[in-house]
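Trainee: Questions regarding the structure given below will be posed in turn.
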Amino acid sequence: AQKVTQAQTEISVVEKEDVTLDCVYETRDTTYYLFWYKQPPSGELVFLIRRNSFDEQNEISGRYSWNFQKSTSSFNFTITASQVVDSAVYFCALSGGGYQKVTFGTGTKLQVIP
Amino acid sequence: DAGVIQSPRHEVTEMGQEVTLRCKPISGHNSLFWYRQTMMRGLELLIYFNNNVPIDDSGMPEDRFSAKMPNASFSTLKIQPSEPRDSAVYFCASSFETDTQYFGPGTRLTVL
């Protein structure tokens, strides 16, 4: 069975602070994919990143960066110099190789205070 | 490029009425997913189609729910009869095979 744990339910930071959203996963698959999605207050789900289990290189996209560590089964997401527009619920998700259901975490609500 | 299109965006109906939600996947995608999101249960996969064929409907709550995909560019999720506990946001997502799923804007359903 697959499981995604986002232990942080809500986080509040002041604008320009850095913030890290934690994601821990469980799977027995050797090939799997990890995702992050953003759900802003408007409600849509926006895809941010997809990583496969064979690629542990960290990724940076502008103010966003992701740290994938298989040794600790974690796929953490850091926002540098947070902005009010980053306020949203962020979901970490996991799927196995081939077709398997995408298992979503319960989400972390990030509030960036001006 | 157009993303996943869902209609209606909001639906308010009375208990017992039939509700039909519609989805147009991204052109070229051959996998389509229906999800339901509630505060209590989070995001739940209801059904998955591949090449218009239902592959996994184990998440469909009960016989009141049905989904169809008559062609590669259209799918419906029907609830008949609707109940207040069906109130949720329903998302449609599409992908090419098992690649990344892209979500539509969702339909907010309220059953009174």
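The values are calculated or read from the model by the stated rules, or taken from the named source; none is laboratory data. None of the values given here were measured: they were computed from a predicted structure. Heads up, the Cβs are rebuilt from the backbone with ideal geometry, glycines too, and the neighbour counts pull from every protein chain shown.
Trainee: Taking the stretch B:60-81 on its own, how many of its residues are touching a residue at least 40 places away in the same chain (Cβ under 8 Å) and either out of contact with any Gly (no Cβ under 7 Å at 6 or more places or on another chain) or assigned to a strand (DSSP E or B) (or both)?
Mentor: Final tally of qualifying residues: 9.
Trainee: Here is a follow-up. For the stretch A:57-86, which positions are surrounded by fewer than 16 Cβ atoms within 10 Å (Cβ to Cβ), free of Cβ contacts under 8 Å to residues at least 60 places away in the same chain and closer than 19 Å to A:Lys109 by Cβ?
Mentor: Residues satisfying the conditions are A:Arg63, A:Val85.
Trainee: Of the conditions (1) buried (at least 18 other Cβ atoms within 10 Å of the Cβ); (2) of a type in the set (Gly, Ala, Ser); (3) more than 20 Å from A:Thr106 (Cα to Cα), B:Ser58 clears all except one; give me its number.
Mentor: Result: B:Ser58 fails condition (1) only.
Trainee: Oh, and also: Restricting to the stretch B:18-57, name every residue that is touching a residue at least 60 places away in the same chain (Cβ under 8 Å), among the hydrophobic types (A, V, I, L, M, F, W, C) and assigned to a loop (DSSP other than H, G, I, E, B).
Mentor: B:Ile26
Trainee: In addition: Kindly list the number of the only condition in (1) buried (at least 19 other Cβ atoms within 10 Å of the Cβ); (2) modelled with pLDDT under 95; (3) more than 12 Å from chain A (Cβ to nearest Cβ) that fails for B:Leu43.
Mentor: If we test B:Leu43 against (1) buried (at least 19 other Cβ atoms within 10 Å of the Cβ); (2) modelled with pLDDT under 95; (3) more than 12 Å from chain A (Cβ to nearest Cβ), just (3) comes out false.
Trainee: Restricting attention to the stretch B:52-68, which residues are within 20 Å of B:Thr107 (Cα to Cα) and more than 11 Å from the chain's Cα centre (by Cα)?
Mentor: Across the stretch B:52-68, the qualifying residues are B:Asp57, B:Gly59, B:Pro61, B:Glu62, B:Arg64.
Trainee: A:Phe91 is checked against (1) over 30 Å from B:Arg108 (Cα atoms); (2) at pLDDT 90 or above and fails just one. What number does that condition carry?
Mentor: Exception for A:Phe91: condition (1).
Trainee: Here's a follow-up. Failed condition for B:Pro105, given (1) under 25 Å from A:Pro40 (Cβ atoms); (2) more than 9 Å from every other protein chain (Cβ to nearest Cβ), with all others met?
Mentor: Evaluating B:Pro105 over (1) under 25 Å from A:Pro40 (Cβ atoms); (2) more than 9 Å from every other protein chain (Cβ to nearest Cβ) leaves (2) as the failure.
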